[in-house]
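Q: Let me give you the structure first, and then I'll get to my questions.
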Number of protein chains: 2
Amino acid sequence: MTVKASPDFAQEMPPGDDKARRVCQRCDFIDYQNPKIVAGAVVLKGTQILLCKRAIEPRKGYWTLPAGFMELGESVEDAARREAQEEALADIRIDRLLAVYSVPRIGQVQIMFRAHLDGDYGVGPESEEVKLVDWKDIPWSELAFPTVVWALTHFAETRDKEIFAPFANPPNTDALTR
Amino acid sequence: MTVKASPDFAQEMPPGDDKARRVCQRCDFIDYQNPKIVAGAVVLKGTQILLCKRAIEPRKGYWTLPAGFMELGESVEDAARREAQEEALADIRIDRLLAVYSVPRIGQVQIMFRAHLDGDYGVGPESEEVKLVDWKDIPWSELAFPTVVWALTHFAETRDKEIFAPFANPPNTDALTR
């Protein structure tokens, strides 16, 4: 017989550890929580950039880059390609690592690539709309997350560069991430 | 009253999901498992490289770079600095992102920096021994993990470069990582 109930977590310091962890008071299960990886890309077709309007929360209705949580069994590059496929039905070709952003407040590391789209694209199930935009038409005030702004801005600095050092969080942005 | 027992996980597809997850049969707790981030560094003092002999499994007694699991509340750079402090009592200055390696078989992404040591170092609790070595004295046959070999080899390619594109897994190494 299995009696089901919702988990009943409390902060406890497991033996041998040096930090409190979420421990289920029924099972003694220790829920180690680690930062999660978001993989995504600034995808170019010619000189235009691929943007997706979010069909889901958070920030439904705002524009973002194809990106999402990396899953087990993938490489970071696999994850960025899968997300472009899921959100924009786009088969992208990864060019270079653009940026590694840390958002400790929400336990995320965002790994963003510069990539190219040779073929077509469409509207995936997590998007309300997908489009290619010229730089001058980027809807800056309707972008979903600060990291989308950063990735686009950093991308612009690499436009004519084949080799570049990838970017980290811009200076003086701790108030947004910590 | 709390009756404790070990968790009792089974693979189940939660409602609305598209993958089987580990679900506790007692609590209905869903243990989403995501790739974990290892942050570390090739640390230089002058032309010498800082290596740590592992005091813990896996690969106890083998040499590695200061590196370890990123924790919640940190940036990737924070994590690399903390690990150098913990394993080699070294206060490092991060220079550039050296590499992002994916090891899907064990659900890891390893983010490695190039860094410098200005001050002293010592033997942290997870190390049996810590030393600075010349390139010619690297104990190649006694390195703990393939990614340590990769990071050192990739580092060598950047020795005289201020700006470089970071490295990913070397070609034809899927047999080691997938």
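The values are calculated or read from the model by the stated rules, or taken from the named source; none is laboratory data. Only a predicted model underlies this, so the values are computations on that prediction, with no experimental measurement involved. Don't worry about glycine lacking a Cβ; one is built from the backbone with ideal geometry, like all the others, and counts go over all protein chains shown.
Q: List pairs: first in the stretch B:148-167 and farther than 13 Å from B:Trp135 by Cα and in contact (Cβ under 8 Å) with a residue 12 or more places away in the chain, second part of a helix (DSSP H, G or I) and of a type outside the set (Asp, Glu), Cβ under 7 Å, 6+ apart or cross-chain?
A: Hits for this filter: B:Phe164/B:Thr158; B:Phe167/B:His154.
Q: Collect the residues in the stretch A:66-89 that are within 14 Å of chain B (Cβ to nearest Cβ), buried (at least 17 other Cβ atoms within 10 Å of the Cβ) and in a loop (DSSP other than H, G, I, E, B), keeping them in residue-number order.
A: Those that are within 14 Å of chain B (Cβ to nearest Cβ), buried (at least 17 other Cβ atoms within 10 Å of the Cβ) and in a loop (DSSP other than H, G, I, E, B): A:Met70, A:Glu71, A:Glu74, A:Ser75.
Q: With respect to B:Ala20, is the statement that it is within 14 Å of chain A (Cβ to nearest Cβ) and either surrounded by 22 or more Cβ atoms within 10 Å (Cβ to Cβ) or among the basic types (Lys, Arg) (or both) true?
A: It is false that B:Ala20 is within 14 Å of chain A (Cβ to nearest Cβ) and either surrounded by 22 or more Cβ atoms within 10 Å (Cβ to Cβ) or among the basic types (Lys, Arg) (or both).
Q: Are any residues in the stretch A:100-117 surrounded by fewer than 23 Cβ atoms within 10 Å (Cβ to Cβ), more than 13 Å from A:Ile49 (Cβ to Cβ) and not β-branched (Val, Ile, Thr), and if so, which ones?
A: Once the filter is applied, which keeps residues that are surrounded by fewer than 23 Cβ atoms within 10 Å (Cβ to Cβ), more than 13 Å from A:Ile49 (Cβ to Cβ) and not β-branched (Val, Ile, Thr), the stretch A:100-117 yields A:Pro104, A:Arg105, A:Gly107, A:Gln108, A:Gln110.
Q: Still on this model: For the stretch B:118-135, state whether one or more residues are out of contact with any His (no Cβ under 7 Å at 6 or more places or on another chain) and part of a helix (DSSP H, G or I). Spell out how you get there, then give the answer.
A: Going residue by residue through the stretch B:118-135, those that are out of contact with any His (no Cβ under 7 Å at 6 or more places or on another chain) are B:118-135.
Subset that is part of a helix (DSSP H, G or I): B:135.
So far as the stretch B:118-135 goes, yes, one or more of its residues are out of contact with any His (no Cβ under 7 Å at 6 or more places or on another chain) and part of a helix (DSSP H, G or I).
Q: Taking A:Leu176, is it of a type in the set (A, V, I, L, M, F, W, C), under 14 Å from A:Val42 (Cα atoms) and touching a residue at least 12 places away in the same chain (Cβ under 8 Å)? Show your work before the answer.
A: Details: of a type in the set (A, V, I, L, M, F, W, C): yes; under 14 Å from A:Val42 (Cα atoms): no; touching a residue at least 12 places away in the same chain (Cβ under 8 Å): yes.
For A:Leu176, the condition - of a type in the set (A, V, I, L, M, F, W, C), under 14 Å from A:Val42 (Cα atoms) and touching a residue at least 12 places away in the same chain (Cβ under 8 Å) - is not met.
Q: Let me ask something else about it. So is B:Asp118 within 12 Å of B:Lys45 (Cβ to Cβ), at pLDDT 95 or above and over 18 Å from the mean Cα position of the chain (by Cα) or not?
A: In short, no.
Q: Tell me yes or no: at least one residue of the stretch A:130-152 is of a type outside the set (Lys, Arg) and within 11 Å of chain B (Cβ to nearest Cβ).
A: Filtering the stretch A:130-152 for residues of a type outside the set (Lys, Arg) gives A:130, A:132-135, A:137-152.
From what is left, the residues that are within 11 Å of chain B (Cβ to nearest Cβ) are none.
Taking every residue of the stretch A:130-152 in turn, none turns out to be of a type outside the set (Lys, Arg) and within 11 Å of chain B (Cβ to nearest Cβ).
Q: A follow-up question, please. Here is a check on your reading of the model: is B:Ile30 within 10 Å of chain A (Cβ to nearest Cβ) and either touching a helix residue (DSSP H, G or I) at 6+ places or on another chain (Cβ under 6 Å) or under 30 Å from A:Ala175 (Cα atoms) (or both)?
A: It is false that B:Ile30 is within 10 Å of chain A (Cβ to nearest Cβ) and either touching a helix residue (DSSP H, G or I) at 6+ places or on another chain (Cβ under 6 Å) or under 30 Å from A:Ala175 (Cα atoms) (or both).
Q: Considering only residues of the stretch A:33-45 that are among the aliphatic types (A, V, I, L, M) and within 11 Å of chain B (Cβ to nearest Cβ), which is farthest from the chain's Cα centre (by Cα)? Break it down stepwise before answering.
A: If we filter the stretch A:33-45 for residues that are among the aliphatic types (A, V, I, L, M), which is where we start, we get A:37-39, A:41-44.
Narrowing the set further to residues that are within 11 Å of chain B (Cβ to nearest Cβ) leaves A:37-39.
Numbers: A:Ile37: 7, A:Val38: 3, A:Ala39: 5 Å.
Among those that are among the aliphatic types (A, V, I, L, M) and within 11 Å of chain B (Cβ to nearest Cβ), it is A:Ile37.
Q: What is the one condition in (1) away from chain B (no Cβ under 14 Å); (2) within 15 Å of the chain's Cα centre (by Cα) that A:Ile56 does not satisfy?
A: Evaluating A:Ile56 over (1) away from chain B (no Cβ under 14 Å); (2) within 15 Å of the chain's Cα centre (by Cα) leaves (1) as the failure.
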